[in-house]
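What follows is a set of notes on a single structure, which appears directly below.
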């Protein structure tokens, strides 16, 4: 079919829990995209993931209101905070990293946990092997004030 | 939960995408970011962020200045039933005898129409586009003129709406192929939703490169609603698999591209029988000598 691109958008959608509330409803609804079909397809594709984990999702939509989606793995910061056991804070109930990273250590994770995170995120990272992916995760940990032991 | 939006425009896709990425680092962070081409030929792109609390307008001003964008317009969206709004917009499409509708409009099928249930979802071909509409109208026109097809293929089928439309009015098993495996899955789901299992065989294939397509050739009707470039590349293969006196319905062609496509197909022995423009898109019906 003559897929004429109309636009793209990137949303953070919780795995298995997409629904018409923000951001999905307004973001898709303003563009006339079929919200319920998106939610149905997204929830089906993420049913085997940890429910509620935030998934960056790139939605490409076409002139006839059809769409495709590319669901990424949750951000490294999500995995790191979870591994470090940081408690959720704030309005959105998310764990908080360091406010002065580099000078402040808020938590620690093990090298084994870093490897597990690297393996989980491998498909979305610009790395050719797990060791390369681990270096990227270590960089994220450092910027968040999380020390690796 | 309130939803705030921050919208701006700037020139060029790459700067727009870069600005969208930069917005991801904002605090409070956006829950969604959109990058959209403004469809007025201006070359402008719209970048927008969705927030559940008021965004930092000073940070937005810095981002706009850094990327050469206009100042962000920040507003709070009114409470809206977005699902109902979308359903109102995804209205049924009438194309000759065919009535293409989503499940929310199942009670609106006119008496005597050929209904096709297609949800606007993961494959192109919902009827809400001039190319699909043009193909359905061309099919309706051929059938009204008394043409009866016994072997139909829809190359680049998307939802398979065209092959299903043919199966609604003619006997036999139609073929539908797409290069995209997701489209093939959607097409098969659409067949089930329409109670048309066994009436259309869906295949994953590039062009005519599939044993089932080879075995069933020649065809007396070929749909190809793709784009100008692939249509021109496909011309020799398509024409050689069309039976003498058979028709090809081609779309995905911008109006100013139609003459070039007609000329290429004429060199391959298929000549223009009808053309229709819907908006910026042209649908061609060609007949093989």
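Would you point out the residue of the range B:26-53, among those that are facing chain A (nearest Cβ under 9 Å) and not in a strand (DSSP E or B), that is nearest to residue A:71 (Cα to Cα)?
B:31
Filter the range B:49-58 down to the residues that are surrounded by 16 or more Cβ atoms within 10 Å (Cβ to Cβ) and either modelled with pLDDT under 90 or farther than 15 Å from residue B:18 by Cβ (or both) and list them by number.
B:50, B:51, B:52, B:55, B:56
Looking at the structure I just gave you, is residue B:107 closer than 30 Å to residue B:136 by Cβ and outside the structural domain of residue B:19 (by TED's automatic domain parsing)?
The answer is yes for residue B:107.
Let's see how each residue does on (1) modelled with pLDDT of 95 or more; (2) more than 13 Å from chain A (Cβ to nearest Cβ):
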| residue | (1), (2) |
| --- | --- |
| B:191 | yes, yes |
| B:194 | yes, yes |
| B:226 | no, no |
| B:236 | yes, yes |
| B:242 | yes, yes |
| B:249 | yes, no |
| B:259 | yes, yes |
| B:269 | yes, yes |
| B:273 | yes, yes |
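For residues in the range A:1-29 being more than 7 Å from chain B (Cβ to nearest Cβ), modelled with pLDDT of 85 or more and surrounded by fewer than 20 Cβ atoms within 10 Å (Cβ to Cβ), which is farthest from residue B:2 (Cα to Cα)?
Result: A:16.
So which of B:143, B:84, B:138 ends up being assigned to a helix (DSSP H, G or I), over 19 Å from residue B:222 (Cα atoms) and either out of contact with any helix residue (DSSP H, G or I) (no Cβ under 6 Å at 6 or more places or on another chain) or more than 14 Å from chain A (Cβ to nearest Cβ) (or both)?
B:84
So, in the range B:154-189, exactly how many residues are within 14 Å of chain A (Cβ to nearest Cβ) and either part of a strand (DSSP E or B) or within 26 Å of residue B:244 (Cβ to Cβ) (or both)?
10
Taking the range A:97-128 as the region of interest, how many residues are in contact with a helix residue (DSSP H, G or I) (Cβ under 9 Å, 6 or more places away or on another chain) and modelled with pLDDT of 85 or more?
17
Scan the range B:66-77 and tell me whether some residue there is within 21 Å of residue A:18 (Cβ to Cβ), in contact with a helix residue (DSSP H, G or I) (Cβ under 6 Å, 6 or more places away or on another chain) and assigned to a helix (DSSP H, G or I).
Pass one, the range B:66-77, residues within 21 Å of residue A:18 (Cβ to Cβ): B:77.
Narrowing further to those that are in contact with a helix residue (DSSP H, G or I) (Cβ under 6 Å, 6 or more places away or on another chain): B:77.
Within this subset, residues satisfying the condition of being assigned to a helix (DSSP H, G or I) are none.
Looking for residues that are within 21 Å of residue A:18 (Cβ to Cβ), in contact with a helix residue (DSSP H, G or I) (Cβ under 6 Å, 6 or more places away or on another chain) and assigned to a helix (DSSP H, G or I), one finds none in the range B:66-77, hence no.
Taking the residues in the range A:56-83 that are farther than 30 Å from residue B:88 by Cα and surrounded by fewer than 22 Cβ atoms within 10 Å (Cβ to Cβ) as candidates, determine which candidate is farthest from the other protein chains (Cβ to nearest Cβ).
A:83
Residues of the range B:209-228 being surrounded by fewer than 21 Cβ atoms within 10 Å (Cβ to Cβ) and either assigned to a loop (DSSP other than H, G, I, E, B) or outside the structural domain of residue B:156 (by TED's automatic domain parsing) (or both), which ones?
Narrowing the range B:209-228 to residues surrounded by fewer than 21 Cβ atoms within 10 Å (Cβ to Cβ): B:209-218, B:220, B:227-228.
B:210, B:217, B:218, B:227, listed by residue number.
Kindly provide the set of residues from the range A:123-135 that are under 19 Å from residue A:56 (Cα atoms) and surrounded by fewer than 16 Cβ atoms within 10 Å (Cβ to Cβ), ordered by number.
A:123, A:126
Any chance you could count how many residues in the range B:244-258 are assigned to a strand (DSSP E or B) and either surrounded by fewer than 20 Cβ atoms within 10 Å (Cβ to Cβ) or not assigned by TED's automatic domain parsing to the domain that holds residue B:231 (or both)?
So the answer is 3.
May I ask you to verify whether residue B:274 is crowded, with 23+ Cβ neighbours inside 10 Å and in contact (Cβ under 8 Å) with a residue 60 or more places away in the chain?
no
Here is a check on your reading of the model: is residue B:197 closer than 30 Å to residue B:103 by Cβ and surrounded by fewer than 16 Cβ atoms within 10 Å (Cβ to Cβ)? It would help to see each step written out before you state the result.
Numbers: closer than 30 Å to residue B:103 by Cβ: yes; surrounded by fewer than 16 Cβ atoms within 10 Å (Cβ to Cβ): yes.
Yes: the conditions hold for residue B:197.
Would you check which residues across the range B:83-100 are surrounded by 21 or more Cβ atoms within 10 Å (Cβ to Cβ) and closer than 25 Å to residue B:33 by Cβ and list them?
Residues satisfying the conditions are B:86, B:90.
Quickly run through the range B:277-286 and pick out the residues that are surrounded by fewer than 16 Cβ atoms within 10 Å (Cβ to Cβ) and either modelled with pLDDT of 95 or more or not assigned by TED's automatic domain parsing to the domain that holds residue B:242 (or both). Steps first, please.
First pass over the range B:277-286, keeping only residues surrounded by fewer than 16 Cβ atoms within 10 Å (Cβ to Cβ): B:277, B:279-280.
Correct list: B:277 only.
Scan B:186, B:161, B:261 and give me the residue that is out of contact with any strand residue (DSSP E or B) (no Cβ under 8 Å at 6 or more places or on another chain), under 21 Å from residue A:64 (Cβ atoms) and buried (at least 19 other Cβ atoms within 10 Å of the Cβ). Give the steps one after another, and end with the answer.
Working: B:161 fails: out of contact with any strand residue (DSSP E or B) (no Cβ under 8 Å at 6 or more places or on another chain); B:261 fails: out of contact with any strand residue (DSSP E or B) (no Cβ under 8 Å at 6 or more places or on another chain).
Of B:186, B:161, B:261, the one residue that is out of contact with any strand residue (DSSP E or B) (no Cβ under 8 Å at 6 or more places or on another chain), under 21 Å from residue A:64 (Cβ atoms) and buried (at least 19 other Cβ atoms within 10 Å of the Cβ) is B:186.
Quick one: which residue in A:21, A:66 is over 12 Å from the mean Cα position of the chain (by Cα) and in contact (Cβ under 8 Å) with a residue 12 or more places away in the chain?
Only one candidate passes the filter, namely A:66.
Looking at residue A:91 and the list (1) over 21 Å from residue A:19 (Cβ atoms); (2) modelled with pLDDT under 90; (3) surrounded by fewer than 18 Cβ atoms within 10 Å (Cβ to Cβ), which single condition is not satisfied?
In the conditions (1) over 21 Å from residue A:19 (Cβ atoms); (2) modelled with pLDDT under 90; (3) surrounded by fewer than 18 Cβ atoms within 10 Å (Cβ to Cβ), residue A:91 misses (1) alone.
The values are calculated or read from the model by the stated rules, or taken from the named source; none is laboratory data. The structure displayed is predicted, hence computed values, not measured ones. Note that each Cβ is placed from the backbone with ideal geometry, even for glycine, and that neighbours are counted across all protein chains shown.
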